[in-house]
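Below is one structure; the comments refer to it alone.
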Amino acid sequence: MNFKELAENLGLEEDEFQEIVELFLETSDADLHKLRSAIDREDTQQAIEAAHSIKGASGNLGFMAISEKAKNVEIKAREKDLSGANEAVENIKKEVDRIAQALKT
């Protein structure tokens, strides 16, 4: 993962970008927990809100794979359909973990 390139795309220094990524990791953890909880309770409104938050934050940082997965969950939740949402959450979590690991190295 090229943090320098992602930072440059946003007009930031790499260390500034990495600080923002750390905040993203914290908030995405909370949002993923909220999304999982919403799915378990079949609460489509909360699922929409959590997926929307993940979609926006990840997209703003250039993490488009996460943004796209969250967008798909949001769209389906708006249609009152949470099928496949657990799998999407697991895929998003894997991407978030990959970013966290890249940040450590």
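Read-outs: derived from the displayed coordinates by stated rules, not from any lab. All figures in this text were calculated on a predicted structure; none of them were measured in a lab. Heads up, the Cβs are rebuilt from the backbone with ideal geometry, glycines too, and the neighbour counts pull from every protein chain shown.
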Proximal lysines to Lys4, defined as alpha-carbon separation beneath 22 angstrom and excluding residues fewer than eight positions away on the same chain: Lys55, Lys94, Lys104
Potential lengthening between His33 and Thr105 on full extension [0.36 nm per residue; Cα-Cα distance subtracted]: 23.4 nm
Partner aspartates and glutamates for Lys80 [C-alpha distance under 15 Å; skip if fewer than 8 residues away on the same chain]: Asp40, Glu42, Asp43, Glu49
Cβ-based charge dipole, the chain, positive-most Cα from Leu10, Asn60, Leu35: Leu35
Calculated from backbone phi, Karplus (6.51, -1.76, 1.60) coupling profile of the range 53-66 in Hz, x at Gly/Pro: 4, 5, 4, x, 5, 5, x, 4, 9, x, 8, 5, 5, 5
Whole-Hz ³J(HN,Hα) from phi, Karplus 6.51 cos²θ - 1.76 cosθ + 1.60, for the range 24-38, glycine and proline x: 4, 4, 5, 6, 5, 4, 5, 5, 5, 4, 4, 5, 4, 4, 5
Efficiency of FRET between Gln18 and Glu90 - r from beta-carbon atoms, R0 41 angstrom, step 0.05: 0.95
